Structures are given as C-alpha cells and as structure tokens.
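What follows draws every value from the coordinates through simple rules; no lab data is involved. All values reported here derive from a predicted model rather than from experimental measurement. Cβ: placed from backbone, ideal geometry, glycine included. Neighbour counts: every protein chain shown.
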Amino acid sequence: MPRPGFVLDVDRSTPPILFWAGEGFRLERLPAERSRVIYPPEPLDPLPHPEAAIRHALLNPLGDSKPLPELLFPGMRLTIAFDDISLPLPPMQRPDVRQRVIEAVLDMAAEAGVDDVHLIAALALHRRMTEPELRHAVGDRVYDAFAPTGHLYNMDAEDTDNMAYLGSTEQGEEVEIVRRAAESDLLVYVNINLVAMDGGWKSTATGLASYRSLRHHHNVRTLQHSRSLMDRHKSALHTSNWRMGKVITDAGVKIFQIETTLNTDTFPPPFDFLMKREWEWSAKDRALFLGSSKSLARAPSRLARQIFHSIKAPHAMASVQAGEVDAVHEETIRNVHRQQLVEVEGQTDVLTMGLPYICPYNVNSIMNPILVMCLGLGYFFNLYRNKPLVREGGVLIMSHPTPWEFHPVHHPSYIDFFEQVLAETTDPLRIEAEFEKSYAEDEWYRHLYRTSYAYHGVHPFYMWYWGAHALQHLGRVIIVGGEPRAVRRLGFMAASTMNDALEMASDVVGHSPTITHLHAPPLLLADVQ
Amino acid sequence: MKALLFERKVAKYAAAAVAGRFVPGKGAAVGPISLQDIDQPELPASGWVRVRPRLSGICGSDLATIDGHSSRYFEPIVSFPFVPGHEVVGDLDDGTRVVLVPILTCVPRGIDPPCAQCTGGQPNGCERVAFGHIEPGLQTGFCESTGGGWSTAFAAHESQLIKAPDDLSDEAAVMVEPAACAIHAAGLAKNGRSIVVLGAGTIGQLTIAALRHLGYEGSLTATARHPHQRDLALQLGADRVAAPTELSRVVRAQEHAMVVGDQLTAGVSDVLDCIGSAESIEQGLRVLEPGGHHRLVGMPGVTSLDLTPVWHRELHIGGSYAYTPTDFAAAVELVRTADLGRLVTATYPLARYREAIDHAANAGTRGAVKIAFDLRNEKERNR
C-alpha cells in the first residue's frame, strides 16, 4: 500500500534535504523548528492489466457518450489527436501510454471498417516532434502503418488553409483548431494527465489551436487570474478553454476524450533514490548520491544533459477514462488528486524548491533561463489548491545553475526574447503590449516552427506569462547556484549558497521566516488549508 | 628634440608585421619605430608655423602602421622617415592653443590653383597629396617634411590649424580630429533607414555619437566585444548593442528578416564599418538589405572577400576618409555636447611609448578607449 504524501517538520535530527539543481543535486540543511518539507505521495499501484483497462474505458464511456465502437462506421473520417512531447516528464519507458490507447482505438476502428484515419500530434505552438519521438509516443507499428502515407503527422498551426475557424465565445474569444479534427466525423483525443492542469477542454481548445485562438487565454490577464493553474475551477485559463469547448461542441465537432493518469514512479535505478525520503536512504543510496553528484559536477554540461535526458521514467498508468469531455475530466482530476494531493497547513514566508533538468519544453533540449523561470514560477509555484504555498510578499528560493544557454534549433525566438525583450523589461504587461505581436507574426520564426523543430515565435512570451501570477505574488525570487548574469536578466537575485539566499531573503521576510520546501519531483499538489 | 621616428627599414617592418600579427601593438618593440633625438623640422615655406604638441592621440591607422598591417597602397603617399601623430592639440610659439587639421592638401603644399576636390570643398579627396613643396604624405604624421604629433615639435601650415576653444580641455580637444572623421562618416549615412555601426573602439563610439548629433533618429545597432564598450555605445546613442557573433541574429529579429544560409533576406540600409577587416566587411554585407551601403570608416587593408552578394543584392561598398572643413566645425560641437574628452582613458610620456602603444592596441580588453601621448611635461618642450 503506497504511503500518502506528508509534511515533515524539520528538527535538529532531520538529515540534509535533497534539492534538485538542473543536471545535479545538492543537499541542504534547513533551519530546525521553522522549516518543513512537503513529500509527495508514493506511486500508486499500476493498473494490473492496462490493455484491459483501456478497452473497458472505451466500451464503458463516462457522461452521455456512446461506447467507442458505436461511434465508428465504415466511410467515416476519424482523427486521433494525441498529446505531444511535452508529456509525460520524463518521457516514459516503452510502451508509452499513448501507444497503448491508440492501438486499442485503431483495433476498434479496424473492426468497424474505418479506413480514413489521421493521427495528429497536438502541438499547438510547440516544436514538431522528430521521427524517433513520434515512434516513441505511438509505437513503431502505428508509426510504420500511418506515417509513410502521410496519415500521421505533426499539426501546423500556421497552415491557415488547414485550420478551421469555428466561431467565438460570448467574450469574443475566437476558436480556431485543426481543420481535419474539426471536420472529422469523430475526433478521439488521447491525453496524458501528468498534472491537474492538463486535459479536459484544454486538450482540444489549446492542443489543436492556433495563435489566433490561444492568445485569448495565453495572456497576462488570464494567467494572473489563474489561481492556480492546477485548480481548473479557479483558473481563468481553464474557464476560457471551457468556453471555447462550448463553441467547439456547438460547431458540431464530435469528441471522444480518452484521459489517462500516471503514477509518480518517476526515476528508474540508479536514480530511484531521488524518490526516497532522505532518512530512509540506504548505504547504497548514499553512495549513489555521492557518486552521481561528484561525477555529474565534474562532467561537461553536455554530457550531464545527455545522461539525464536518456532517463525514461517507469511511470505506469494509474487510471484511464473515456467518453464525454467534462465527465471524463472530472474523473481524471479525481485520479490525479488521488496520486498527488498533499494537505498542507497554512502558508509559509519562504518557499524553496529544487528545479530539475527537465520541464515540458526542453525534452531532449536545453533548459534555458526562460524555462527556468517558467518551471519555477509557472509550474512549481502553481502546484497548489486554495492558497499559494508561500504568502503574498514572501520569497521564492529555487536551486538551478541557470546557464545562459539556449538550444539554437528548438528555441530561436527565446534567444531574441532573452537578449532583446528582457533587456528592456521583465514586466509581463509591458512585454505583452510592446513585443508579443512582432514575435508572433515574425515570418522567420513561423518558418522555423513550420519546417524545422522550433517552438513558435510567441512561445517564450507564454513562458513568461505562465509566471505572471507568481511575479505579482512574490516579494523576491532568488536562484541558488544560478549564473549571476542570467539570473539578473530574469530580474531575480543569484545566491551561491542556500545560507546566502536565506540571508538575502531576510530583507523581505525577516530573520526567522518560516520555510517550506517543495520536495519535487516526483510531482505533488499541495492542498493549502 | 625627442620624437618617435618611423623609418624605412624593410627587415624591421617585416619583423613588426610578424610580431603584430601575434600580439597587437608588439610592432612597437621590434619594428622600425624608435625614440630618437632629431632636429626640429624646418618650416617649409611662409605660412608654416611650429606647433608644440600638448596631447597627441594614438589612432587605429597608427597602430596598423606600427604592426606592419598597412597596405602598400600608402607607399607613394607617405615619405620616410616620418614622425607619426595626427590627432593633436598643441601650442603655437605665441601660446595659442590649437587643434591640428592634419590632411595635407593643395593649400599647405603651395599648389596653386588648387585641385578640383580642394576647390570643391572636399579637401579629403585632394588629388595632390604627393606633390608640391613638401614631401608626399596624405597627412601630418605620415610626411617627412612636417614631422608629427609624437614629438615635442612639428611644422604645420596655418590653414591646418584651428584655435582650440577655451572651454575644451586638452583631452576634449585631442578628440576633435577623430570626431571629425566620425561626423564625416555619419553624414554619409544619416539619411539611412536603419544603421549598424561595426566596432566599438574610438571611431565606432564617435560615429554612434555623431549619428545622433546629426539628428539621425532611426534604428541604430552597434557591435561591441567588451562590457565597457557596450555601456558607452548605449550612452552615446545606440539603441542596442550586440556581440559581434550575435549581430546577424539581432538584425534579423529587428528587421524581421528570413535567413538563407548565413545571409539575411532583409536587413539594414547602412553599415558603418569602423573596423575594416575582411571579417567585418563580410559581416556587414550579410546584414544589409538589397541595395544597402557598406561604408569603410576604419582603415582597411588587403583583404580577400566574396563579392557575390555585392553583385547579387546590388550592394554598395564605399569609403569614408577624413573630413571636410564643415565636418571639423561640427566635430568641435560634438566633442563639447557629448563630453567626449572622457574617452581619453590614459596618457603616457614619449619615453613609455611601447607601453602606450600596447595599451592602445589592447584598449578593448583593458577597458580603455583612447590612449594619447602627453607632451605637456616633456622637459625640452618647456625650455
């Protein structure tokens, strides 16, 4: 029976606590009597027979949906859209959950005599997936059957001829999604719900949408009113997606949503000690920590990156549900909470977190400073329900090396954003007003997004907006071990040690602040009372 | 009198060329320049006067000469041995403080009638720089007859002198001549749509300041290798400063260009190249829009260059040499309003000329901009 998450009050006997720091880790001793550590729940037991569970979900849909076989008929146009490379994190060991689900859907489609099937990677404005990445997601059998004939592909949100405008919400939000998906007799969306933010109408209204559509909710105002992004009923981003979902439904798009949740079995041996609580480390775990820390510190950053990005998570499917979008998503969220929710009493003055080497936008890539900001202030800060873990005006301390380094193929507009935009201002509202349009409409970025493997020109803006709520909420942000020049460009402060960071925080929160450490990954969701 | 004398010594020139290639400024130690006691230059004719330098700057063209990088193009328009130094503020015998206008044109050469260029108000294009009653030399500092600023005295024609305004310090006054070069270059480009200034040494910085001084309001991008250069360029009016390796990326984003190979499809209208190397010219050509102008402000030399984009995109490569009298007048005002005397980072006595040249040759890495010789305390000057 997996143990639930819990909150440890740090006392003098508490061993040093593990902090992720990019492609490395550090052990930090937190002040006794006023610090606490939030540990994630242990991984739920996997579904014992995932194929059977998937089939059961497809045959017993939730909400007012019919079973999948009843929605399939000869001569129909079937589109299967699936989440892209940004999920799950780290990428999971084969077979990927998408492969299992897609194979089950295709088997049923074949039985029904459906032969017009398209499989579309739902990128929105993310970079295109490479062939190996697509193969990993859908499996070789599916890839070899569909990709060579052009029936499995990355979506292109800038291919205006192949995007369909479906109408606007009452708030004037335009809805434009991939034409093939909109005009199919049935759209099956295959989702992975790694965190509570994923899934629901966000799958279709965001995953298959264009800039024209996305700009209505991927903006500063909306993100500042998403409290949190992980709490869909208090998230303006989700509310907007749900409004768009109504437009999609009203336009006659028939959707069969398949959502899966994964357990938090995140790191395979020899890195599995990273999921353990420090006082439960064995002698072998301690040796592994010491050995890997020292060798990673000595290794060139490129090698360390290669080592970490070769990790494939042993994630296992914890639930699968299918059918009508809302009903499915409610069940999905219940299952995410079952895995990740940890009850936490009250807010803290200082929130600490160790940022790992990976976020949704640097799979097989480089975690550049903008992504460091997004991971810390956009994702980890938002891992709460009810109230942020840190009080308003409090301090966020993150550990990450934050190198001034970018992947030139994946993140070309990020480089310009960092060099040009952040050199001018870090204010999200100014950035949005003065710079967003020119980046979004830049022909070169468009070209790279469409033909190379680049994130869309506007994407770094969204990363910055993702942290807009945290920027508004926090009194100071400090990055321990961060490259000072890069950290300053982000508008934050760099500290070389945790003690220095706490000293720097004292200007804002006094000399004896309460401290809470978010011990993630594995991921958790703090339910702050 | 004491002077740094540059002699025609082929072996030493070759040694300087080798040494200068490896260590900038090293030509001073092994090349044909040395500190000597020489006779004061005779005044060539009436209208010539003696100038006793107060400050005399070290310019990029001086460094190229010392390090043996200069083109053989100059051979017929310089005369050996010569005393370098053409950025000068000095005193006349009557105590008047003057700034030297070093170009040696028809009037100081006693050529009458003057050539068409001089008559037309473009003395920087003088067609007679190797003729007249003084030896060949395009400027004071490259002419055997006149001597130059790196000494305690030299000869100058009255037409080459302007009175230094009382409100300009010596440091400011010694910047007037290079500022005039910058005014001239900026004047050629000031109507451009968008401009890149390559290089953030003295001339690069002055050119940025000159563009703004002349009222240029368009986009101005500069390149700089070092933080102090970057800060100064921004202070003087650059909108943005890119590391040299980042220029294409920055211009692309600014101009919303596409990229084909390493060439931008769109770009800036004008490049003012204050470096003058093959690399800088190629860099400039890459970021120009079709029909754009690449202007060489820094002195180039022999270069190997792929001119295909010049043909294909109908680009223009041109030069910007020296200044007109109007430019010189504007330079005084520029130096005053932009407080350019602050660019003089360090001064040296003649006896420490190797250190001075080393400092000037490595100004960027050493956080400096302009290095000058300070002759004000030379004993024989004050006898």
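Among B:L43, A:L377, which comes first, second and so on when ranked by fewest other beta-carbon atoms within 10 Å? If you can, show how the numbers build up before the last one.
On the way: B:L43 15, A:L377 25.
Lowest to highest Cβ neighbour count: B:L43, A:L377.
With a cap of 16 neighbouring Cβ atoms within 10 Å, and only residues DSSP puts in a loop, list the chymotrypsin sites (Phe, Trp or Tyr not before Pro) found in the stretch B:257-340.
Values: sites: B:W311, B:Y321, B:Y323, B:F328; in loops: B:Y321, B:Y323.
Loop-located and lightly packed - B:Y321.
With charges only on Cβ, +1 for K and R and -1 for D and E, what is the dipole size of the stretch A:50-128 about its Cα centre, in debye, rounded to 20? Intermediate values should be presented prior to the final figure.
Numbers: 8 positive and 11 negative charges, 61 e Å.
Dipole about the Cα centre, nearest 20: 300 debye.
Evaluate the relative contact order of chain A (contact order divided by residue number), counting alpha-carbon pairs under 8 angstrom at least 6 apart; express in whole percent. It would help to have the intermediate numbers written out before the result.
Values: 1148 pairs, mean separation 112.0, N = 529.
Worked out over chain A, it gives 21 percent.
Can you work out the base-10 log of I(q)/I(0) for chain B at q = 0.07, 0.08, 0.14 1/Å, using the Debye formula on its C-alpha atoms alone?
-0.29, -0.39, -1.20
Provide the net charge surrounding B:L234, with neighbours chosen by a C-beta distance below 13 Å and charges set as Lys +1, Arg +1, Asp -1, Glu -1.
Computed value for this residue: 0.
Can you give me the C-alpha center-to-center distance between the stretch B:30-69 and the stretch A:361-404, rounded to a whole angstrom?
Taking the Cα centre of each part, the stretch B:30-69 and the stretch A:361-404 sit 62 Å apart.
Tell me the GluC sites (Glu not before Pro) within the stretch A:298-357 that lie in a loop according to DSSP and have at most 15 other beta-carbon atoms within 10 Å.
A:E345
Could you give the dipole magnitude of the protein assembly as shown about its Cα centre, charging the beta-carbon of Lys and Arg +1 and that of Asp and Glu -1, in debye to the nearest 20?
Numbers: 85 positive and 107 negative charges, 366 e Å.
Result for the protein assembly as shown is approximately 1760 debye, rounded to the nearest 20.
Fewest to most neighbouring Cβ within 10 Å: what's the order for B:F74, A:F435, A:F19, A:F82? Display every interim value, and only then the final one.
Numbers: B:F74 17, A:F435 20, A:F19 25, A:F82 28.
Least crowded to most crowded, the residues run B:F74, A:F435, A:F19, A:F82.
Can you compute 3J(HN,Hα) from phi for each residue in the stretch B:216-222, using the Karplus curve 6.51 cos²θ - 1.76 cosθ + 1.60 with θ = phi - 60°, rounded to whole Hz and x for Gly and Pro?
5, 10, x, 5, 10, 10, 10
For every other residue with a beta carbon closer than 15 angstrom to the beta carbon of B:A222, add +1 if it is Lys or Arg and -1 if Asp or Glu, then tell me the sum. Kindly include the intermediate steps, with their values, before the conclusion.
Values: positive: B:R212, B:R225, B:R230, B:R240, B:R249, B:R295; negative: A:E419, B:D231, B:D239, B:E246, B:D270, B:D273.
Here the count lands on 0.
In whole angstrom, note down how far apart the Cα centers of the stretch A:168-210 and the stretch A:450-525 are.
A separation of 30 Å, based on Cα centres.
Can you figure out the FRET efficiency of A:H447 with B:T119, using R₀ = 51 Å and their beta-carbon distance, to the nearest 0.05? Present the calculation step by step, with values, prior to reporting the outcome.
Working: r = 54 Å, r/R0 = 1.06.
That gives a FRET efficiency of 0.40.
Under the classification rounded if a/c is under 1.5, otherwise prolate if a/b is larger than b/c and oblate if not, where does the stretch A:76-126 fall, given a ≥ b ≥ c as square roots of the Cα gyration tensor eigenvalues? Working shown, then result.
Working: a/c = 4.92, a/b = 1.59, b/c = 3.09.
Cα axes put the stretch A:76-126 in the oblate bin.
Applying the Karplus parametrisation 6.51 cos²θ - 1.76 cosθ + 1.60 with θ = phi - 60° to the phi angles of the stretch B:343-350, what ³J(HN,Hα) value in whole Hz is obtained for each residue in order, glycine and proline being reported as x?
Whole-Hz 3J(HN,Hα) from phi for the stretch B:343-350: 6, 6, 8, 8, 10, 9, x, 4.
Where does each of B:1-10, A:491-500, A:294-303 land if you order them by average Cβ count within 10 Å, highest first? Numbers along the way, then the final one.
On the way: B:1-10: 19.0, A:491-500: 17.4, A:294-303: 12.7.
The packing order, highest mean first, is B:1-10, A:491-500, A:294-303.
Give me the inter-chain shielding for B:248-260: mean count of other chain Cβ atoms within 10 Å, whole number please. All intermediate terms of the calculation are to be shown ahead of the outcome.
Working: counts 0, 6, 4, 0, 5, 14, 3, 1, 8, 3, 6, 4, 0.
Per residue, the number of nearby Cβ atoms from other chains is 4 on average.
Among the listed pairs A:K254/A:K437; B:K26/B:K370; A:K284/A:K312; A:K202/A:K254, which are separated by more than 26 Å between their Cα atoms? Before the final figure, lay out each step's value.
Details: A:K254/A:K437 33 Å; B:K26/B:K370 18 Å; A:K284/A:K312 22 Å; A:K202/A:K254 15 Å.
Long pairs (Cα-Cα over 26 Å): A:K254/A:K437.
Projecting each Cα onto the charge dipole of chain B (Lys/Arg +1, Asp/Glu -1 at the beta carbon, about the Cα centre), which of B:A242, B:P76, B:V335 comes out farthest on the positive side?
My answer, from the dipole projection, is B:A242.
Only Lys, Arg, Asp and Glu count, each charged at its Cβ (+1, +1, -1, -1), so figure out the dipole size of the stretch B:179-319 about its Cα centre, rounded to 20 debye.
Numbers: 11 positive and 13 negative charges, 49 e Å.
Magnitude of the dipole: close to 240 debye.
Let me make sure I get this right: for the protein assembly as shown, a, b and c are the square roots of the gyration tensor eigenvalues over alpha carbons, sorted descending. Under 1.5 in a/c it's rounded, otherwise prolate if a/b > b/c, else oblate. Which is it? Please report the intermediate quantities before stating the final value.
On the way: a/c = 3.07, a/b = 2.20, b/c = 1.39.
Because a/c hits 1.5 or more and a/b exceeds b/c, the protein assembly as shown counts as prolate.
Among B:L214, B:S280, A:A322, which residue has its Cα furthest toward the positive end of the charge dipole of the protein assembly as shown, with +1 on Lys/Arg Cβ and -1 on Asp/Glu Cβ?
Final value for the positive-end residue is B:S280.
For the stretch B:179-319, what's the relative contact order in percent, using C-alpha pairs closer than 8 Å and at least 6 residues apart?
Numbers: 292 pairs, mean separation 30.1, N = 141.
In percent, rounded to a whole number, it is 21.
Specify the inter-centroid distance of the stretch A:307-346 and the stretch A:58-108, based on alpha-carbon positions, in whole Å.
Taking the Cα centre of each part, the stretch A:307-346 and the stretch A:58-108 sit 17 Å apart.
Skipping prolines and chain starts, which residues have an amide H placed within reach, meaning under 5 Å, of the one on A:V10, given they are 5 or more residues away or on another chain?
Close amide H contacts, sequence-distant or interchain: A:E33, A:S35, A:R36, A:V37.
Take the alpha carbon gyration tensor of the stretch B:179-319, find the square roots of its eigenvalues, order them as a ≥ b ≥ c, and report rounded if a/c is under 1.5; if not, report prolate when a/b exceeds b/c, else oblate. Write down the numbers at each step before the final one.
Values: a/c = 1.44, a/b = 1.30, b/c = 1.11.
Rounded is the answer for the stretch B:179-319, as its axis ratio a/c remains below 1.5.
A:P90: net charge of surrounding residues, Cβ under 14 Å, Lys/Arg +1, Asp/Glu -1, itself excluded?
Values: positive: A:R94, A:R305, A:K312; negative: A:E23, A:D96, A:E133, A:D265, A:D272.
Result for the local shell: -2.
Say R0 is 25 Å: what FRET efficiency, to the nearest 0.05, do A:R77 and A:D159 get from their beta-carbon distance? List each step's numbers first, then the result.
Working: r = 18 Å, r/R0 = 0.72.
Efficiency, from the Cβ-Cβ distance: 0.90.
Determine the calculated [θ] at 222 nm for chain B from helices alone, applying -39500 (n - 2.57) to every DSSP H run no shorter than 4 residues and normalising by the residue count; nearest 500 deg cm²/dmol.
Numbers: 14 runs with 117 residues, N = 383.
Rounded to the nearest 500, the figure is -8500 deg cm²/dmol.
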